[in-house]
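Peer 1: For reference, the structure I am asking about is given below.
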Ligand code: GDP
Ligand code: IMO
Ligand code: MG
């Protein structure tokens, strides 16, 4: 297949970064199509750890083109710092191997300030638990037609007009929240300074990608977050502010939906979530603690402890359908080593009725209790396994049951954070 989309099929942190890095060997271009530096993707290559937020996870491999598409919201100051950090780790990043779409909206300091002020002002039960990076406010400005985009940095008069339009909206809003007005001249100076560093990477990404596609190059679309954080299909309002599902890959870079040949869903062998919101299989007991400790479940972006729970097959079946997932990469199987018994949620009980999907209404979601199936665990270690033959029989049974329940085959299996501790079943790029 020429072009593959990778999406998270749960609440994020499924191990997308590791798998995108692994798959990028087979790709020519790696493109981010939504989200921003709320993402945190950890790659481990020969023991060396790389933490990426705004940069595509393919950047670590040499000889690939990395692309930040228009569906992303970009904090230019963060990006330049991240580039410096990753460069200091020996990775080459130049305008030859990194392109930013000219129509990408910019996250400004005022977006982060608004995001954090709203979260602080929210009463218990209404907080979203955002990453505080200004993602939501920037997407609001995009659809409100008052965003400043990468291309606007090139012309002083346009930039000033855009700043005025944005401040017309933001200053009254800030007043209401008790934040001081934005210093117009200061913001324009800041933008003029950062423009020099960002503009060399700016490009008509839609055009470049369409040319690559016509030349038979392989494009790997890297999703951030997870389908249950999707603005439309996630557990609203406890979601992020973008579409994160596979359909977004096309609009997020400017390529036709027919150019997507394969959708790979990244699925953790159990469930985690950071931030607020419903989580039917959450474990608040020793099993939950054990998953968190063994899985090192702390956020890459905010350091927050991730909530942990059993695998929810009903939810993943749902997200596989919504993104048209052709195959999954099951990650962190090794974290389940040593459990006596494992539970999988197969459906929900809602007021005495069996439901095979999570309903949309918040009050119904809150009343859904998981219906579990139990499976025997395994005591052997699967950590670092690189072939099926290395897996204990009960681990294979668990994987097979997951496939049946989510109605989707396993294409890849991951057994440690290391790049090469990965078992290939079906190559998403194979014709
Ligand atoms: P992403 O946001 O989806 O890219 O995932 P994160 O990087 O935020 O979180 C996944 C974490 O699990 C990272 O620390 C990875 O290094 C780690 N990881 C990925 N795959 C595996 C695996 O198969 N086993 C274990 N134990 N850790 C893994
Ligand atoms: P990766 O790409 C996990 C969550 C936040 C919060 C909600 C809204 O690493 O999987 P936002 O700052 O986006 O407005 O926060 O979304 N969230 C993530 N959770 N992984 C992520 O990214 C996330 N990006 C945002 O915790 O609940
Ligand atoms: Mg993450």
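Peer 1: Residue 120: outside any loop (DSSP other than H, G, I, E, B), modelled with pLDDT under 95 and not assigned by TED's automatic domain parsing to the domain that holds residue 27, yes or no? Break it down stepwise before answering.
Peer 2: Numbers: outside any loop (DSSP other than H, G, I, E, B): yes; modelled with pLDDT under 95: yes; not assigned by TED's automatic domain parsing to the domain that holds residue 27: yes.
When the stated conditions are applied, residue 120 passes them.
Peer 1: So, one more: Within the group 30, 80, 93, 100, which residue is away from ligand 2 (no atom under 15 Å from the Cβ), modelled with pLDDT of 95 or more and part of a strand (DSSP E or B)? Reasoning before the result, please.
Peer 2: Details: 30 fails: away from ligand 2 (no atom under 15 Å from the Cβ); 80 fails: part of a strand (DSSP E or B); 93 fails: part of a strand (DSSP E or B).
One residue alone meets the criteria, 100.
Peer 1: Would you check if there is a residue in segment 193-208 being at positive phi and more than 16 Å from ligand 2 (Cβ to nearest atom)? Break it down into steps so the answer makes sense when it comes.
Peer 2: Keep residues of segment 193-208 that are at positive phi, which gives none.
No, because not a single residue in segment 193-208 is at positive phi and more than 16 Å from ligand 2 (Cβ to nearest atom).
Peer 1: Checking the structure you have, find out if any residue of segment 76-84 is on the phi > 0 side of the Ramachandran plot, out of contact with any helix residue (DSSP H, G or I) (no Cβ under 9 Å at 6 or more places or on another chain) and away from ligand 3 (no atom under 16 Å from the Cβ).
Peer 2: Quick first cut of segment 76-84, residues on the phi > 0 side of the Ramachandran plot only: none.
No, there is no match, as no residue in segment 76-84 is on the phi > 0 side of the Ramachandran plot, out of contact with any helix residue (DSSP H, G or I) (no Cβ under 9 Å at 6 or more places or on another chain) and away from ligand 3 (no atom under 16 Å from the Cβ).
Peer 1: Tell me which of these residue 70 doesn't satisfy, since it passes every other one: (1) within 16 Å of ligand 1 (Cβ to nearest atom); (2) within 24 Å of residue 226 (Cβ to Cβ); (3) in contact with a strand residue (DSSP E or B) (Cβ under 8 Å, 6 or more places away or on another chain).
Peer 2: With respect to (1) within 16 Å of ligand 1 (Cβ to nearest atom); (2) within 24 Å of residue 226 (Cβ to Cβ); (3) in contact with a strand residue (DSSP E or B) (Cβ under 8 Å, 6 or more places away or on another chain), residue 70 is out only on (1).
Peer 1: Right, something else. Within segment 71-99, track down each residue that is surrounded by 24 or more Cβ atoms within 10 Å (Cβ to Cβ) and within 16 Å of residue 221 (Cβ to Cβ).
Peer 2: The answer is 71, 72.
Peer 1: Turning to a different aspect of this structure: Looking only at residues that are within 16 Å of ligand 3 (Cβ to nearest atom) and farther than 21 Å from residue 43 by Cα in segment 264-307, which one is farthest from the chain's Cα centre (by Cα)?
Peer 2: Among them, the one singled out is 307.
Peer 1: Counting only residues that are under 17 Å from residue 422 (Cα atoms) and in contact with a helix residue (DSSP H, G or I) (Cβ under 6 Å, 6 or more places away or on another chain), which one in segment 9-27 is farthest from ligand 2 (Cβ to nearest atom)?
Peer 2: Applying the filter and picking the extreme gives 24.
Peer 1: Just for segment 186-230: of the residues that are in a loop (DSSP other than H, G, I, E, B) and under 24 Å from residue 258 (Cβ atoms), which one is nearest to ligand 1 (Cβ to nearest atom)? Even if it seems obvious, please write down each step before you answer.
Peer 2: Here is the first cut: in segment 186-230, the ones in a loop (DSSP other than H, G, I, E, B) are 204, 215-218, 223-226, 230.
Filter once more, so that each one left must be under 24 Å from residue 258 (Cβ atoms): 204, 215-218, 223-224, 230.
On the way: 204: 28, 215: 29, 216: 28, 217: 24, 218: 21, 223: 9, 224: 7, 230: 15 Å.
Filtering first and then ranking leaves 224.
Peer 1: Looking for something in contact (Cβ under 8 Å) with a residue 40 or more places away in the chain, within 16 Å of ligand 1 (Cβ to nearest atom), closer than 20 Å to residue 26 by Cα and in the same structural domain as residue 19 (by TED's automatic domain parsing) - is there at least one such residue anywhere in segment 240-248?
Peer 2: The answer is yes, given that some residue of segment 240-248 is in contact (Cβ under 8 Å) with a residue 40 or more places away in the chain, within 16 Å of ligand 1 (Cβ to nearest atom), closer than 20 Å to residue 26 by Cα and in the same structural domain as residue 19 (by TED's automatic domain parsing).
Peer 1: For segment 46-61, state whether one or more residues are farther than 24 Å from residue 214 by Cβ and away from ligand 1 (no atom under 16 Å from the Cβ).
Peer 2: No: segment 46-61 contains no residue that is farther than 24 Å from residue 214 by Cβ and away from ligand 1 (no atom under 16 Å from the Cβ).
Peer 1: Only one of 132, 125, 176 is at positive phi, surrounded by fewer than 19 Cβ atoms within 10 Å (Cβ to Cβ) and either at pLDDT 95 or above or part of a helix (DSSP H, G or I) (or both); which? Lay out the reasoning, then the answer.
Peer 2: On the way: 125 fails: either at pLDDT 95 or above or part of a helix (DSSP H, G or I) (or both); 176 fails: at positive phi.
The match here is 132.
Peer 1: For segment 33-64, give me the residue count where each residue is in a loop (DSSP other than H, G, I, E, B) and either touching a strand residue (DSSP E or B) at 6+ places or on another chain (Cβ under 7 Å) or surrounded by fewer than 17 Cβ atoms within 10 Å (Cβ to Cβ) (or both). Walk me through how you get there before you give the answer.
Peer 2: Restricting attention to segment 33-64, the residues satisfying the condition of being in a loop (DSSP other than H, G, I, E, B) are 33-34, 36-40, 46-47, 53-56, 61-64.
Checking which are either touching a strand residue (DSSP E or B) at 6+ places or on another chain (Cβ under 7 Å) or surrounded by fewer than 17 Cβ atoms within 10 Å (Cβ to Cβ) (or both) leaves us with 33-34, 36, 40, 46-47, 54-56, 62-64.
So the answer is 12.
Peer 1: Next up: Just checking, which of 347, 395, 366, 430 is more than 22 Å from the chain's Cα centre (by Cα), closer than 12 Å to residue 333 by Cβ and in contact (Cβ under 8 Å) with a residue 24 or more places away in the chain? Please lay out each step first, then the result.
Peer 2: Working: 347 fails: closer than 12 Å to residue 333 by Cβ; 366 fails: closer than 12 Å to residue 333 by Cβ; 430 fails: closer than 12 Å to residue 333 by Cβ.
Just one listed residue meets the conditions, 395.
Peer 1: Within the bounds of segment 2-10, is there any residue that is in contact (Cβ under 8 Å) with a residue 40 or more places away in the chain, more than 29 Å from residue 431 (Cβ to Cβ) and either more than 16 Å from ligand 3 (Cβ to nearest atom) or not in a strand (DSSP E or B) (or both)? Don't jump to the end; show me each part of the working.
Peer 2: Step one: of segment 2-10, the residues in contact (Cβ under 8 Å) with a residue 40 or more places away in the chain are 2-10.
Pick out the ones that are also more than 29 Å from residue 431 (Cβ to Cβ) and you get 10.
Now narrow it down to the ones that are either more than 16 Å from ligand 3 (Cβ to nearest atom) or not in a strand (DSSP E or B) (or both): 10.
Looking for residues that are in contact (Cβ under 8 Å) with a residue 40 or more places away in the chain, more than 29 Å from residue 431 (Cβ to Cβ) and either more than 16 Å from ligand 3 (Cβ to nearest atom) or not in a strand (DSSP E or B) (or both), one finds at least one in segment 2-10, hence yes.
Peer 1: Considering each residue of segment 132-151, count those that are touching a residue at least 40 places away in the same chain (Cβ under 8 Å) and either away from ligand 2 (no atom under 15 Å from the Cβ) or in contact with a helix residue (DSSP H, G or I) (Cβ under 8 Å, 6 or more places away or on another chain) (or both), and give that number. Reasoning before the result, please.
Peer 2: Within segment 132-151, the first condition is being touching a residue at least 40 places away in the same chain (Cβ under 8 Å), and the residues that meet it are 132-136, 138-140, 142, 147-151.
Okay, now just the ones that are also either away from ligand 2 (no atom under 15 Å from the Cβ) or in contact with a helix residue (DSSP H, G or I) (Cβ under 8 Å, 6 or more places away or on another chain) (or both), so 132-136, 138, 147-151.
Matching residues across segment 132-151 total 11.
Peer 1: Name the one entry in 181, 222 that is in contact with a helix residue (DSSP H, G or I) (Cβ under 6 Å, 6 or more places away or on another chain) and touching a residue at least 60 places away in the same chain (Cβ under 8 Å). Don't jump to the end; show me each part of the working.
Peer 2: Numbers: 181 fails: touching a residue at least 60 places away in the same chain (Cβ under 8 Å).
Testing whether each residue is in contact with a helix residue (DSSP H, G or I) (Cβ under 6 Å, 6 or more places away or on another chain) and touching a residue at least 60 places away in the same chain (Cβ under 8 Å) leaves just 222.
The values are calculated or read from the model by the stated rules, or taken from the named source; none is laboratory data. As the structure is a prediction and not an experimental result, all values here were calculated from the model. Glycine gets a Cβ as well: all are built from the backbone with ideal geometry, and neighbour counts include every protein chain shown.
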